[in-house]
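The structure under discussion appears below in the form of structure tokens.
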């Protein structure tokens, strides 16, 4: 297992303070605040530790304030309901005495029923693509110090974009992105862990899809971007240590907000999860 992945698993292992109270550490990835996917993943870990023999099938979250990566985050779980087949949890993330994030998550006991799904997009496989780190190595020489810190961060995932990143020479593109992703090492056979890690990485490329039609990029001068809300649905068992295709699109941006959707496919074509997000896309300056 790689050092970045081993460190991620430590970050996702929360300290239990009370029956429904947990504390998690943060990591500095080069951005001014805690990476949103970390808070999302940790909140899901906290909720999952209050549920037995059920796995998460959906979550709906709001990012309220910037997280401080220099201080721990406390997660308070409310056991809203435990029914015959479903369990519902409400999670609040607290830092410096204030809510920075809240989330509702629903868990379900295993059931079978009617099934259908949309087809996976026809794109090149991961074996023929460059990894994202190689693109970023080309970019760091031209980036500002603030952006360079983000680009040089060692992610615990092997990320291979189908379309070259739009960071080096930004131009207007169609509002679509396709990225292959998997962890840098094998993980235990724990469905709950794999879903929590998928939530972690789901925030990474989602909102940037909404910048494609405008020829602007995350971290660029005159643009402020931040996640506002995040929703996720888990359809089928998933392994994040095997290749997953994250296909995202952005139907609309307006009111200084960008809206994006995502579909996560296993390499064999199974649709394992879906996402949606609205985020701040505010132009500033003269």
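Label-point separation (nm) for residue 214 and residue 189, each offset 7 Å from Cα along Cα-to-Cβ? In this crude spin-label approximation the distance works out to 4.7 nm.
Working note: Cα atoms of the chain, range along each principal axis, descending, whole Å: 53, 45, 40. Using only Cα atoms and rounding to the nearest 10 degrees, what angle (0 to 90) does helix 36-48 make with the longest principal axis of the chain? Here the helix axis deviates by roughly 10 degrees. Highest mobility in the GNM of the chain, judged by mean-square fluctuation with C-alpha springs under 10 Å and restricted to 19, 239, 54, is found for 19. Using all C-alpha to C-alpha distances in region 204-275, build P(r) with 5 Å bins and read off the rounded percent in each one. Each 5 Å bin holds this share of Cα pairs: 3, 15, 25, 20, 15, 11, 8, 3, 0. Once C-alpha pairs closer than 8 Å and six or more residues apart are averaged by separation and normalised to the residue number of region 1-92, the relative contact order reads 31 percent. To the nearest ten degrees, helix 191-202 and the longest principal axis of the Cα atoms of the chain are 30 degrees apart.
Taking each residue as 0.36 nm, the span from residue 235 to residue 62 lengthens on full extension beyond its C-alpha to C-alpha distance by 60.1 nm. Our summary gives region 148-286 a relative contact order of 26 percent, counting only alpha carbon pairs under 8 angstrom and 6 or more residues apart. Here the relative contact order of the chain, from alpha carbon pairs under 8 Å that lie six or more residues apart, stands at 18 percent.
Taken together, the values in this text are just the output of simple stated rules run on the coordinates, not laboratory data. If you're wondering where the values come from, they're calculated on a predicted model, not measured in any experiment. Because the Cβ atoms are built from the backbone with ideal geometry, glycine has one as well, and the counts that use them run over all protein chains shown.
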